[in-house]
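What follows is a single structure, written as structure tokens, with notes after it.
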Amino acid sequence: MPSSNDWINNPLGVVEEMFVQSNSNPEWEAKVLEYFKGKLKEKQAYSWIPSLNDVPLHYLKPNSLVKFRCLVQDMFDPEFYMGVYETIDPSTKAKVLRFGKYKDVTECGVDLNSRNTVTAERQTFYCVPIPGETLWAKETYARSSQARVVPSTSYIPSRQKRSYEEDDEMDTQPQKQREPHTELHANGDSKRQETEAPSGQTTSPSNASSPLDLNFPLPGERGPACLVKVYEDLDSFKLNDMLEVYGILSVNPLLSVLCEEKDPSASLLDPTESMETPEEQRAHDPPASLVPRLHMLHARPLQHNNPLLPSDRAEDQHAFVSSFMVEMASVRAEFLAYLTHILLGDGLAAEYLLLHLISSVYARRDVLPLGKFTLNLSGCPPNSSFTESLHQVIQELVPCTYRLSMTLHNMNSLRLVPRKDYVANRLVSGALQLARNTSLVLDETRLEQGQLDASGVQNITALGNLISWQKVDYDFNYHQMEFPCNINVFVTSEGRSLLPSDCQVPLQPQVTPPNLEEYLSTVHKAQLTSQINKFRVYLSVAQTLDYSISDEVTKAVEDDFVDMRKDDPQSVSAEDLHRMLVVARLLSLSLGQTSLSREGWMRAKHIDMLRRTRSQPQTTVNGNEP
């Protein structure tokens, strides 16, 4: 049997050994999967495997086992390959069976007339790093890795086709973290354009077919894109799934050579060549030095990408959540005090922000998503850095977030909705192609007077549909295709937002610091790292808890609603009842309670009454009702 390290350093050798021992028995493929899944079940085995997210491509050994934490951005058409084929030795004329699975290029001397050839089918996923993944999450994942990687001596990358990090940002220890500014900001260096999303996405067709466009959903994103070759369970994966893929890394330089050798005259010899446009060839066969291939052996669907929570075995997750629930109430009190300071002493706004941060769509009833809680914080200082500073705080709390400044220029020029490019036969990403539970902050305080063009109106409509129905209608030119999502939307505005929301809370600052940025920075720095980590765990745990309402409490809520309607039929509507039930659910979960109590219902009623009292005197700013 293979040695203990062969399955990571030389997985193709392991596969080769099993293939030879099988004597052409097709069961060898199942045995390969069983072997690697068994290895990955060993304790801490996940941490032994190098990650494409953390390690530069030229530090990784070709044909070794690596992992990639990613989002499925696009799914290409299935492709055929030679699963088993026969080669002929030119000198001895001896025939040898070979396997083509987990490889991009077959070996020389293929006998095309062999009856032993087995044609198989695989699918290619275009995968990108999880959009908006925060720096603390990336660094924590990198620190938890126990993989030991040294620069490869057998593979020297071309300086024109370098991997996703710049050489001058590397040191001899790949696990060492980069300075934060190198991760968050692009300096416009032309060398970096190969691996960064453009800072301003547009709807220009030329942008879609650019050979340097790696199709990241968010502008300014950095990191590797990857073509993942999938062999089993094709129907179990969906677009926008969050995965951790384990597979065999392929950066064969022949892939680039074969792509470059294609020319239009080839279609005269092989009519099938004319089926692919040059744009499609660039999109589907990019250079392996920029977009490596990963032949999947195993994939873990990720319900979250919080590295502080266990994500491997279900029993470990259950034990971790059960132990942390004991602390939920005390952590909540600390977290609420922290948010109150951040929101300038406004305790009610802090309460609602806390509830918003733990909200998540847990079910759908027909078209209605249950559990969403879009919050509109109005009364924010216009044309100030308040929302930007607030978003920097949120970045330190959640694993994924993105702030969209709703300037007139951005609304008219940014591509929010993904669209199908039929020339390149790929899905061109948009800023709303996000992973589940991403925190999307919409800064409406930046919206100035002016005219929205057709693209701007479409973008505003898309944001409204996202908020109301938790869906994004992807543009397929001749029709729209609806994709459900689960995105936490937080809107900051001067008056009531022009976008819909589940709850509007006017901000009432109790302190007026002379320097807002300095004040928020001081508040944040006052928190110990251990405290911030508790807040990060708290938010993720609260989102994973189950919840129920007993028949007794349901009856009490119904009776209470009838009594409220008797007192003043105009004051409480069915919509108000739905909002209070959502608030009651989130209040319970925030305390680590998985069922609604009468006290929880009364608390929800009380804070909703305080919120509505605060909202009544507010005057309209955007022309919407207060």
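Given the options Tyr474, Tyr478, name the one that is more than 29 Å from Leu354 (Cα to Cα) and buried (at least 19 other Cβ atoms within 10 Å of the Cβ). Selected residue: Tyr474, the only one of Tyr474, Tyr478 that is more than 29 Å from Leu354 (Cα to Cα) and buried (at least 19 other Cβ atoms within 10 Å of the Cβ).
None of Asn383, Asn412 is more than 23 Å from the chain's Cα centre (by Cα) and modelled with pLDDT under 95 except Asn383. For the stretch 107-119, filtering for residues that are without any contact (Cβ under 8 Å) to a residue 40 or more places away in the chain, open to solvent by 60 Å² or more (accessible area, probe 1.4 Å) and among the polar types (S, T, N, Q) leaves 2. Pick from the stretch 278-306 the residues that are part of a helix (DSSP H, G or I) and out of contact with any Lys or Arg (no Cβ under 8 Å at 6 or more places or on another chain): which of them is farthest from Asp241 (Cα to Cα)? Only one residue tops the list, namely Pro278.
For the criterion of being of a type outside the set (Lys, Arg) and either out of contact with any helix residue (DSSP H, G or I) (no Cβ under 7 Å at 6 or more places or on another chain) or closer than 21 Å to Leu71 by Cβ (or both), Leu432 passes.
For the stretch 520-535, the criterion of being touching a strand residue (DSSP E or B) at 6+ places or on another chain (Cβ under 9 Å), open to solvent by less than 10 Å² (accessible area, probe 1.4 Å) and either hydrophobic (A, V, I, L, M, F, W, C) or within 24 Å of Pro399 (Cα to Cα) (or both) is satisfied by no residue at all.
Could you grab me the full set of residues in the stretch 282-307 that are crowded, with 17+ Cβ neighbours inside 10 Å and either of a type in the set (D, E, K, R) or under 30 Å from Tyr352 (Cβ atoms) (or both)? Once the filter is applied, which keeps residues that are crowded, with 17+ Cβ neighbours inside 10 Å and either of a type in the set (D, E, K, R) or under 30 Å from Tyr352 (Cβ atoms) (or both), the stretch 282-307 yields Arg282, Asp285, Arg293, Leu302, His304, Asn305, Asn306, Pro307.
In the stretch 102-143, the residue that is nearest to the chain's Cα centre (by Cα) out of those that are basic (Lys, Arg) and modelled with pLDDT under 95 is Arg143.
Check whether at least one residue in the stretch 491-510 is surrounded by 11 or more Cβ atoms within 10 Å (Cβ to Cβ), without any contact (Cβ under 8 Å) to a residue 12 or more places away in the chain and at negative phi, and report yes or no. No: the stretch 491-510 contains no residue that is surrounded by 11 or more Cβ atoms within 10 Å (Cβ to Cβ), without any contact (Cβ under 8 Å) to a residue 12 or more places away in the chain and at negative phi.
Restricting to the stretch 572-594, and then to whatever is open to solvent by 40 Å² or more (accessible area, probe 1.4 Å) and over 30 Å from Ser330 (Cβ atoms), can you tell me which residue is modelled with the highest pLDDT?
His578
Listed by position, the strands (runs of 3 or more DSSP E) contained in the stretch 1-99 that have at least 1 residues being open to solvent by 70 Å² or more (accessible area, probe 1.4 Å) are 79-88, 95-99.
Scanning the stretch 416-432 for residues that are assigned to a loop (DSSP other than H, G, I, E, B) and open to solvent by 10 Å² or more (accessible area, probe 1.4 Å) yields Val417, Tyr422, Val423, Asn425.
Looking at Ser311, Ser267 in this structure, which one is touching a helix residue (DSSP H, G or I) at 6+ places or on another chain (Cβ under 9 Å), polar (S, T, N, Q) and either modelled with pLDDT of 95 or more or loosely packed, with under 15 Cβ neighbours inside 10 Å (or both)? Among Ser311, Ser267, only Ser267 is touching a helix residue (DSSP H, G or I) at 6+ places or on another chain (Cβ under 9 Å), polar (S, T, N, Q) and either modelled with pLDDT of 95 or more or loosely packed, with under 15 Cβ neighbours inside 10 Å (or both).
Pairs are defined by a Cβ separation below 9 Å, a sequence spacing of at least 6 or placement on different chains, a first member in the stretch 529-551 that is under 21 Å from Ser595 (Cβ atoms), and a second member that is β-branched (Val, Ile, Thr) and part of a helix (DSSP H, G or I); the pairs so defined are Tyr538/Val331; Val541/Val321; Thr544/Val321; Leu545/Val321; Ile549/Val557.
Within the stretch 433-456, the only residue that satisfies the criterion of being of a type in the set (A, V, I, L, M, F, W, C), closer than 15 Å to Pro217 by Cβ and outside any loop (DSSP other than H, G, I, E, B) is Leu440.
Okay, residues lined up against (1) charged (D, E, K, R); (2) within 27 Å of the chain's Cα centre (by Cα); (3) within 27 Å of Tyr126 (Cβ to Cβ):
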site	(1), (2), (3)
Tyr35	no, no, no
Leu40	no, yes, yes
Leu71	no, yes, yes
Glu86	yes, no, no
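Do we have Pro224 as at pLDDT 90 or above and closer than 23 Å to Gly132 by Cβ here? For Pro224, the condition - at pLDDT 90 or above and closer than 23 Å to Gly132 by Cβ - is met.
The values are calculated or read from the model by the stated rules, or taken from the named source; none is laboratory data. Note that the structure is a prediction, hence the values are computed from the model and not measured. In this analysis, Cβ positions are derived from the backbone assuming ideal geometry, glycine residues included, and neighbour counts consider all displayed protein chains. Heads up: the accessible areas ignore ligands, DNA and RNA and are worked out on the full protein's heavy atoms, side chains in. Shrake-Rupley method; radii C 1.70, N 1.55, O 1.52, S 1.80 Å.
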